[in-house]
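Chemist: After the structure tokens below, expect a handful of questions from me.
Since every read-out is calculated from the coordinates, none of them should be taken as a lab result. Note that the coordinates shown come from a computational prediction; the quantities given were computed from them, not determined experimentally. FYI the Cβ positions are ideal-geometry reconstructions off the backbone, even for glycines, and counts take in every protein chain you see.
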Amino acid sequence: MAHSTKTLNERIEKTKQILRENLNTVRAGRANAALLDKVMVDYYGSPTPLKSLANISVPESRTLLISPFDPKSVGDIERAINEANLGINPTNDGKCVRLQIPALTEERRKELTKTTKKMGEDAKVAVRNLRREINEDIKKREKAKEISEDEKNEELEATQKAIDKAIKEITEIIAAKDKEILEV
């Protein structure tokens, strides 16, 4: 029992972590350095994550300031942001790059909530698939006489409780992100 429950909890946590990382890339109307997490800069011919080339700060609620460690890379950083299709136009003053985050329209907010709901649903499906895998494993172990029927039932019940808890947490994560997006 301990083995499958431990594995289940680890995989549930990993699923929630991936969901949170994906949600961080969804723009919610205010500046957030996580918007740039997936931006890769062509730095001396090799793709490099932006956050390893520059300091990213949030001086104002709708502004991101990117201060490169190497001032010569400002143009490359600006180009990478444009190519990332974030819907934000960078401004370059020669030393740093500023991103003004535009206010979201009501229509765009609704689109973003649909996107977050889809991400949440994908996470729930992943968790349900975990349940199916773990349940099949439990039933195989009972069939092979490794565990008794009572132990099987206990494990199935523990698995279901863990899955129900995870789905509830995923729903809460999505609700919090949707609230953040819809906040004017």
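Chemist: Want the number for Leu156 to Ala144: 0.36 nm per residue separation, take away the alpha-carbon distance, what's left? Write down the numbers at each step before the final one.
Modeler: Values: separation 12, 0.36 × 12 = 4.32 nm, distance 1.63 nm.
Result: 2.7 nm gained on full extension.
Chemist: If you don't mind, another one. Under a Cβ-only charge scheme (Lys and Arg +1, Asp and Glu -1), can you give me the dipole magnitude of the chain about the Cα centre, in debye to the nearest 20?
Modeler: Numbers: 35 positive and 33 negative charges, 51 e Å.
Dipole about the Cα centre, nearest 20: 240 debye.
Chemist: Using DSSP to call loops (not H, G, I, E or B), can you name the trypsin sites (Lys or Arg not before Pro) in the stretch 117-184 whose Cβ has at most 16 other Cβ atoms within 10 angstrom?
Modeler: Hits after loop and neighbour filter: Lys145.
Chemist: Amide H of Tyr43: which non-local residues (sequence gap of 5 or more, or other chain) have their own amide H closer than 5 Å, using H built in the peptide plane?
Modeler: For Tyr43, whose amide H was placed from the backbone, the distant partners under 5 Å are Thr48.
Chemist: If you don't mind, another one. Could you list Ser57, Ser73 in order of exposure, starting from the residue whose Cβ has the fewest other Cβ atoms within 10 Å?
Modeler: By the 10 Å Cβ count, ascending: Ser57, Ser73.
Chemist: Can you give the FRET efficiency for Lys168 and Arg30, using 1/(1 + (r/R0)^6), R0 = 22 Å, r = Cβ-Cβ distance, to the nearest 0.05? Don't jump to the answer; show the numbers that get you there.
Modeler: On the way: r = 27 Å, r/R0 = 1.22.
After rounding, the FRET efficiency stands at 0.25.
Chemist: Could I ask something else about it? Computed FRET efficiency, Cβ-Cβ of Thr63 and Lys114, R0 22 Å: what is it to the nearest 0.05?
Modeler: Working: r = 27 Å, r/R0 = 1.23.
FRET efficiency, Thr63 to Lys114: 0.25.
Chemist: Taking the simple approach of a point 7 Å from Cα along Cα-to-Cβ for both Gln17 and Arg128, what is their distance in nm?
Modeler: That separation, rounded to one decimal, is 2.5 nm.
Chemist: What are the ³J(HN,Hα) values, in whole Hz, obtained from phi via the Karplus relation 6.51 cos²θ - 1.76 cosθ + 1.60 with θ = phi - 60°, for each residue of the stretch 91-105 in sequence order, with x given for Gly and Pro?
Modeler: 10, 10, 9, x, 10, 8, 10, 10, 10, 8, 7, x, 5, 7, 7
Chemist: Of the options Thr63, Asn85, Ser52, report the single residue whose Cα projects farthest towards the positive end of the charge dipole of the stretch 33-100 (beta-carbon charges: Lys, Arg +1; Asp, Glu -1).
Modeler: Farthest along the dipole direction, towards plus: Thr63.
Chemist: Okay, next question. Where does the chain land on Rg/Rh, using Cα atoms and the Kirkwood Rh? Present the calculation step by step, with values, prior to reporting the outcome.
Modeler: Working: Rg = 22.0 Å, Rh = 19.1 Å.
Ratio value, two decimals: 1.15.
Chemist: At 222 nm, what helix-only mean residue ellipticity would the chain give, in deg cm²/dmol to the nearest 500, using -39500 (n - 2.57) for each DSSP H run of four or more? Mind showing how you got there, number by number?
Modeler: Working: 4 runs with 105 residues, N = 184.
Rounded to the nearest 500, it is -20500 deg cm²/dmol.
Chemist: Is there a quick way to get the dipole size of the stretch 33-100? I mean about its Cα centre, with the Cβ of Lys and Arg at +1 and of Asp and Glu at -1; what is the value in debye to the nearest 20?
Modeler: Working: 7 positive and 8 negative charges, 22 e Å.
With Lys and Arg at +1 and Asp and Glu at -1, about 100 debye.
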